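Notes to accompany the following structure.
The values are calculated or read from the model by the stated rules, or taken from the named source; none is laboratory data. What you are looking at is a predicted structure, and each value in this text was computed from that prediction instead of being measured. In this analysis, Cβ positions are derived from the backbone assuming ideal geometry, glycine residues included, and neighbour counts consider all displayed protein chains.
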């Protein structure tokens, strides 16, 4: 049985929508400026305007949306669709009425949500879902696990997605990146451009 995070878990979020093609593409898996230094500075505020949720399963894969809600639109829904009720998932969602990105966005090397980090360290596979302002309708695939990344890129293309290797500025290769702290020290990250997330 996986160990649950040490803090009480909030109720899981509702299951998001996603295409069956996208879920099949991920089935094989068993912003340039730091706006704030760390998410810990937001804890305990009466008007923090954020929501943290997770769902734990026995799967060796965890799917994470670190910039969900209104921070990077629809990334949480995409993560939930990929998890498909079978894989562990964790979401940090911005819920402010405005200004979620400048006020709540934290780059992945500084993302320090301990509840999610516990779940990531317990699992050999981690997949993070992000949004990017790059143009076009593209899914960028990055991460330190280049073998699985190449397989994922091929699977996405087979389902009709325009999938490409992530450019260096969003490749997610740093060992300080939160999702590279899974059990094998390597993970896959998916970046979707806004037209691909919000058609």
Next on the checklist: Being touching a helix residue (DSSP H, G or I) at 6+ places or on another chain (Cβ under 6 Å) and surrounded by 23 or more Cβ atoms within 10 Å (Cβ to Cβ): is that true of residue 126 here?
Outcome noted: yes
Next on the checklist: For the condition more than 18 Å from residue 67 (Cβ to Cβ) and at pLDDT 90 or above, what is the one hit in 131, 185, 149?
Outcome noted: 149
Checklist entry - Which of the residues spanning the range 113-136 are in a loop (DSSP other than H, G, I, E, B) and under 13 Å from the mean Cα position of the chain (by Cα)? => result 113
Item to check | Test: residue in the range 102-112 that is within 12 Å of the chain's Cα centre (by Cα) and surrounded by 22 or more Cβ atoms within 10 Å (Cβ to Cβ) | outcome: no
Item to check | Residues located in the range 48-100, provided they are crowded, with 21+ Cβ neighbours inside 10 Å, touching a strand residue (DSSP E or B) at 6+ places or on another chain (Cβ under 7 Å) and assigned to a loop (DSSP other than H, G, I, E, B) | outcome: 71, 72, 87
Item to check | Search result, residues across the range 155-179 that are within 18 Å of the chain's Cα centre (by Cα), part of a helix (DSSP H, G or I) and buried (at least 16 other Cβ atoms within 10 Å of the Cβ) | outcome: 156, 170, 178, 179
Next on the checklist: All but one of (1) in a strand (DSSP E or B); (2) under 16 Å from the mean Cα position of the chain (by Cα); (3) at pLDDT 90 or above hold for residue 192; state the number of the condition that does not hold.
Outcome noted: (3)
